[in-house]
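Below you'll find the structure, written out as structure tokens, and then a few comments.
The values are calculated or read from the model by the stated rules, or taken from the named source; none is laboratory data. All figures in this text were calculated on a predicted structure; none of them were measured in a lab. Ideal geometry is used to build each Cβ from the backbone, glycine not excepted, and the neighbour counts take in all protein chains shown.
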Amino acid sequence: MSRRASTANGSQLLYGHWSVLEAIRAQRRPLEQLLLTEGVEERGKLVEILQLARSRGLRIRRIPRNIMDDITNNARHQHTALRVGPYPYVELDHILQKADALGERPLLLILDLLKDPQNVGVLLRIADSVGVHGIMLQERRSVGITPAVISSSSGAAEHLNIARVTNLVQTMRELREDGIWLVGLDTNDQLQPLDAVDLNVPLGLVLGSEGEGMRRLVRENCDVLATLPMRGRVASLNVATAGSIALYSAWNARSWEGWHGTAPRLPAGGKNS
């Protein structure tokens, strides 16, 4: 992340159409200034951003392309950036209260020292898609919710309840005391497959870091360890891919809870029967 993208007081500079648009829509943190590249044509998604910004009374400033490139550290900014206040992390109790208020069994995502902004961003985007009530990250040694993460999540991070905790293992113990069933996803083919695990319960899905997987104490504090069976020759899946599959499996186990559409069902004999 560029040093310019985050300041001493925690303010951030978001970039790209989706990050900017979702931050304005969410209105969960102070919106300071919308920045556009000089001469950029107002069309497509930018029209929607400008309409929303003006309706919020947001200051708009146009700057030269080289300055836009510089302040975003040459990221894919799409000629658009937004100065905002610090990311609004929440407390663990807030996450559990949200699920209770909705009358739903908690569905949580617990990330053990993930460091790649792209992986975390993808997981946050899927978490939003399936209605995850909250995400837990450890404060030290893992990536926080940076502009790069927000960009990778296509702005979904702006709508999620994310807790940054001091000690992830202790948080997991507290969740177990609150009746949350912790399922850790691992790559050991001796483990039971994920589809053999009951995911239609108050659930915390635990994912380990890139390359190293879950730490020993994190693994030991899971109620069950599961794996995604694989038929091909590649040894394992990227954590973002595996986590995405597991999150959709959990939502499917809840019969697509909260979705207003109709889940597609194939005939018993397959699509050609």
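Things to note:
- Where Val197 falls short, out of the listed (1) crowded, with 20+ Cβ neighbours inside 10 Å; (2) within 16 Å of Asp112 (Cα to Cα): (2)
- Checklist (1) more than 30 Å from Glu177 (Cα to Cα); (2) of a type outside the set (A, V, I, L, M); (3) surrounded by fewer than 19 Cβ atoms within 10 Å (Cβ to Cβ) applied to Glu104, failing item: (1)
- Looking across the range 116-149 at every residue that is within 16 Å of Ala163 (Cα to Cα) and among the acidic types (Asp, Glu), the one that is surrounded by the most Cβ atoms within 10 Å (Cβ to Cβ) is identified as Asp128.
- Residues that are over 27 Å from Asn74 (Cα atoms) and either over 13 Å from the mean Cα position of the chain (by Cα) or modelled with pLDDT under 95 (or both) do not occur anywhere in the range 124-132.
- Sole residue being part of a loop (DSSP other than H, G, I, E, B), at pLDDT below 95 and either touching a Ser or Thr at 6+ places or on another chain (Cβ under 9 Å) or not hydroxyl-bearing (Ser, Thr, Tyr) (or both), chosen from Arg76, Arg4: Arg76
- Comparison of Leu113, Leu46 shows that the only residue that is closer than 18 Å to Val165 by Cα and in contact with a strand residue (DSSP E or B) (Cβ under 7 Å, 6 or more places away or on another chain) is Leu113.
- Residue in the range 157-165 that is buried (at least 24 other Cβ atoms within 10 Å of the Cβ) and in contact with a Gly (Cβ under 9 Å, 6 or more places away or on another chain) present: yes
- Single residue of Glu38, Glu22, Glu42 found to be without any contact (Cβ under 8 Å) to a residue 12 or more places away in the chain and either of a type in the set (A, V, I, L, M) or in contact with a helix residue (DSSP H, G or I) (Cβ under 9 Å, 6 or more places away or on another chain) (or both): Glu42
- Helices (runs of 4 or more DSSP H) (entirely within the range 84-181) containing at least 1 residues that are in the same structural domain as Glu212 (by TED's automatic domain parsing) and among the charged types (D, E, K, R): 92-102, 117-130, 168-177
- Taken as a whole, the range 8-18 holds at least one residue that is assigned to a loop (DSSP other than H, G, I, E, B), under 20 Å from the mean Cα position of the chain (by Cα) and within 16 Å of His77 (Cα to Cα).
- Scanning the range 200-221 for residues that are surrounded by 14 or more Cβ atoms within 10 Å (Cβ to Cβ), out of contact with any Gly (no Cβ under 7 Å at 6 or more places or on another chain) and among the basic types (Lys, Arg) returns a single hit, Arg215.
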